[in-house]
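The structure appears below as structure tokens.
The values are calculated or read from the model by the stated rules, or taken from the named source; none is laboratory data. Since we're looking at a predicted model, the values are computed, not measured. A quick note on method: Cβ atoms are made from the backbone with ideal geometry, for glycine too, and the neighbour counts reach across all protein chains shown. Each accessible area value is taken on the protein alone, full model and side chains, heavy atoms only, with ligands, DNA and RNA left out. Shrake-Rupley method; radii C 1.70, N 1.55, O 1.52, S 1.80 Å.
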Amino acid sequence: MNSYHQLYINGQWQSPVKGGTFETVDPCSEAVITQVAAATTEDIDLAVKAARQAFDEGPWPQMSGSERAVVLRRIAQGIRDREQELAELEVRDNGKPLPEALWDIGDTAGCFDFYADLAEDLDDQREQPVALADERFTSIARKEPVGVAGAIIPWNFPMLMAAWKVAPALAAGCCMVLKPSELTPLTALELARIADHAGLPAGVLNVVPGLGPDAGAPLSEHPGIDKLAFTGSVPTGSRIMQAAARDIKNISLELGGKSPFIVFADSDIDAAVEWIMFGIFWNQGEVCSATSRVLVQRELYEPLLKRLVEVTEKLRIGDGMEEGVLLGPLVSKGQYDKVLQAVARGSEEGAQLLCGGARPAGFDKGFFVQPAIFADVPEDSWIWNEEIFGPVVCIRPFDDEAQALRSANDSRFGLAAAVMSKDMERCERVARKLRAGIVWINCSQPTFTEAPWGGYKQSGIGRELGEWGLHNYLETKQITRYDSEQPWGWYIK
Ligand code: NAI
Ligand code: MG
């Protein structure tokens with residue numbers, strides 16, 4: 001196994017100033033995988049200064065988009081060349097089943113290729129004329145990199161979440177300091193190795209794992225950072241926003257959700273069960289956009305619950321490396337405890353636990369939780385309103401479209417939503433009335449690098465992916481020229 005005892009700063013592997021390390025754990029065996037270098041304030045400062053210097057004096061921001069695209073495509077290829085190994089590392093560090101990890105790594109490579117294309121497009125689209133009413137002036141709007149970006153990412157899609165920020169930032173010409181989650185730091189360090197081999201200039205990407213308060217907080221507070229991009233929980237997002245407020249950093253936040261899924265009675269029952277399950281059991285339900293609140297029209301409610309329980313009870317749980325496993329362990333003991341507490345709370349609140357919600361039989365190790373289905377969940381309960389971030393689905397019946405929409409939109413979150421019906425007019429109508437940044441019709445969760453991603457309300461600020469993701473890392477400059485031969489004539493007549 002590669003060593004993870006050093007930080008990647010200024011194109012070099014270096015030991016943390018204070019020499020600290022932390023353990024990363026395999027959530028399936030509960031064994032320590034390896035010690036990882038722990039960055040603290042001093043290292044963050046070095047990393048930001050390296051990125052600052054690379055941005056202010058280095059070649060990267062001055063290169064054309066096409067030149068940057070060459071390096072981005074080499075990174076994509078470097079990821080593809082090690083696809084299986086990286087996916088297995090992700091399984092060990094995070095717990096997710098191998099087919100999902102392979103999917104993530106494929107998407108990670110795809111994300112670098114996609115932003116390589118956009119970097120090329122930027123060469124033609126960088127400067128656009130602005131039509132002014134006053135013909136004495138000529139003006140253009142020009143896109144420039146925002147500067148040094150800090151990225152703080154979570155543990156649920158470790159390498160993919162890195163790519164969602166690193167790829168557009170580099171495409172735009174920014175330099176970056178990336179702090180992966182302390183629960184899953186390994187693939188971000190591999191990304192540093194791959195970027196290094198791809199010939200990325202020193203200081204353009206710095207990777208500094210560490211704990212939230214020790215490494216994340218100093219990064220979010222650092223005056224050398226122009227832009228902060230964060231994915232994670234609402235409380236941490238709020239803290240980062242406060243830190244950014246001090247010196248008016250540009251921010252984008254992708255936070256949690258409690259996304260609704262409205263199933264109308266004319267839906268095919270197996271299609272509904274399939275997408276409800278994919279919406280909440282995929283990646284152990286540790287998904288920001290998980291459709292964790294399901295509203296089912298009354299006529300379909302009982303038969304759907306019956307079929308859902310039947311299929312859910314057959315879902316194969318186990319080591320993500322085992323073939324056929326569709327649900328791995330939760331990422332950490334902390335997340336495991338949090339999910340079990342949420343299940344206990346749901347039962348106390350009067351929701352009907354139809355299945356799961358406990359450690360599966362035969363598992364004496366690993367942070368495994370059987371997928372749980374709660375029916376008749378009270379609308380004012382904690383479990384109906386708060387993000388659990390585990391394989392726990394909450395279900396309620398509804399009578400008509402207006403009631404379903406009211407209930408779906410009655411949330412402080414607005415990341416995603418889904419609607420299912422054979423009536424396409426109804427689906428399209430409901431999709432437009434749902435207050436969420438991502439709406440799926442007749443499915444839940446499929447995510448595309450080309451399409452905008454982000455939330456309404458407390459689910460975040462800004463959009464990632466697609467051209468929107470690139471614009472996160474671009475400033476717009478106005479350049480205006482006075483063309484007239486006539487003197488301005490204000491002071492000197
Ligand atoms: P978190 O939001 O605290 O952690 C995410 C990242 O923020 C990690 O890299 C962490 O080190 C960093 N961080 C923590 N404290 C920080 C601080 N004061 N300043 C700067 N960075 C800081 O999430 P955590 O504790 O891992 O999970 C708690 C809950 O958050 C989960 O149960 C889940 O509900 C939610 N969550 C949501 C995610 C999403 O994709 N929307 C991802 C991960 C967690
Ligand atoms: Mg781990």
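Descriptive notes on the structure:
- Selection status of Gly237, open to solvent by less than 30 Å² (accessible area, probe 1.4 Å), on the phi > 0 side of the Ramachandran plot and within 11 Å of ligand 1 (Cβ to nearest atom): no
- For the stretch 167-214, a residue qualifies if it is farther than 20 Å from Glu475 by Cα, part of a helix (DSSP H, G or I), touching a strand residue (DSSP E or B) at 6+ places or on another chain (Cβ under 6 Å) and more than 16 Å from ligand 2 (Cβ to nearest atom), and the qualifying residues are Ala192, Ala195.
- Among the candidates Gly328, Gly324, residue that is in contact with a Cys (Cβ under 9 Å, 6 or more places away or on another chain) and within 18 Å of Phe281 (Cα to Cα): Gly328
- For the stretch 202-225, the tally of residues that are of a type in the set (A, V, I, L, M, F, W, C), farther than 18 Å from Val148 by Cα and open to solvent by less than 10 Å² (accessible area, probe 1.4 Å) stands at 0.
- In the stretch 151-166, the residues that are part of a helix (DSSP H, G or I) and under 16 Å from Val204 (Cβ atoms): Ala162, Ala163, Lys165, Val166
- When Asp247, Asp214 are checked against the criterion of being more than 11 Å from ligand 1 (Cβ to nearest atom) and either basic (Lys, Arg) or out of contact with any Leu (no Cβ under 7 Å at 6 or more places or on another chain) (or both), Asp247 stands alone in meeting it.
- If you go through the stretch 356-387 and keep only what is open to solvent by 10 Å² or more (accessible area, probe 1.4 Å) and among the hydrophobic types (A, V, I, L, M, F, W, C), you end up with Ala358, Ala361, Phe363, Phe367, Trp382.
- In the stretch 296-330, the residues that are surrounded by fewer than 22 Cβ atoms within 10 Å (Cβ to Cβ), touching a Lys or Arg at 6+ places or on another chain (Cβ under 6 Å) and touching a residue at least 24 places away in the same chain (Cβ under 8 Å): Val325, Leu326
- Candidates Ile251, Ile262: the one that is open to solvent by 30 Å² or more (accessible area, probe 1.4 Å), among the β-branched types (Val, Ile, Thr), part of a strand (DSSP E or B) and touching a strand residue (DSSP E or B) at 6+ places or on another chain (Cβ under 9 Å) is Ile251.
- For Asn10, the criteria (1) of a type in the set (S, T, N, Q); (2) over 30 Å from Lys96 (Cα atoms); (3) open to solvent by 70 Å² or more (accessible area, probe 1.4 Å) hold in every case but one, which is (3).
- Test result for Phe278, at pLDDT 95 or above and open to solvent by less than 30 Å² (accessible area, probe 1.4 Å): no
- Taken over the stretch 154-164, residues that are open to solvent by 10 Å² or more (accessible area, probe 1.4 Å) and within 14 Å of ligand 2 (Cβ to nearest atom) amount to 3.
Rundown of residues vs (1) over 16 Å from Trp60 (Cβ atoms); (2) open to solvent by 20 Å² or more (accessible area, probe 1.4 Å), yes/no style:
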residue	(1), (2)
Val166	no, no
Met176	no, no
Thr187	yes, no
Glu190	yes, no
Asp196	no, yes
Leu200	no, no
Lys227	no, no
Phe230	yes, no
Ala243	yes, no
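- Any chance Tyr336 is among the hydroxyl-bearing types (Ser, Thr, Tyr) and out of contact with any Gly (no Cβ under 9 Å at 6 or more places or on another chain): no
- Pairs, first small (Gly, Ala, Ser) in the stretch 144-155, second at pLDDT 95 or above and within 16 Å of ligand 2 (Cβ to nearest atom), C-beta under 8 Å, six or more apart: Gly150/Lys179; Ala151/Ala162; Ala151/Lys179
- Look at the stretch 242-256: where a residue is over 23 Å from Trp164 (Cβ atoms) and a partner is open to solvent by 10 Å² or more (accessible area, probe 1.4 Å) and away from ligand 2 (no atom under 16 Å from the Cβ), sitting 6+ places away or on another chain with Cβ atoms under 6 Å, you get Asp247/Pro223.
- Flag for Met321 being within 16 Å of ligand 2 (Cβ to nearest atom) and of a type outside the set (Gly, Ala, Ser): yes
- The listed residue being open to solvent by 10 Å² or more (accessible area, probe 1.4 Å) and more than 16 Å from ligand 1 (Cβ to nearest atom), out of Glu100, Glu83: Glu83
- Matching helices (runs of 4 or more DSSP H) fully within the stretch 1-102 where at least 1 residues are within 22 Å of Gly147 (Cβ to Cβ), away from ligand 2 (no atom under 16 Å from the Cβ) and without any contact (Cβ under 8 Å) to a residue 24 or more places away in the chain: 41-57, 65-81
- Of all residues in the stretch 334-354, those satisfying the criterion of being away from ligand 1 (no atom under 12 Å from the Cβ) and either surrounded by fewer than 16 Cβ atoms within 10 Å (Cβ to Cβ) or of a type in the set (A, V, I, L, M) (or both) are Leu340, Val343, Ala344, Arg345, Ser347, Glu348, Glu349, Gly350, Ala351, Gln352, Leu353, Leu354.
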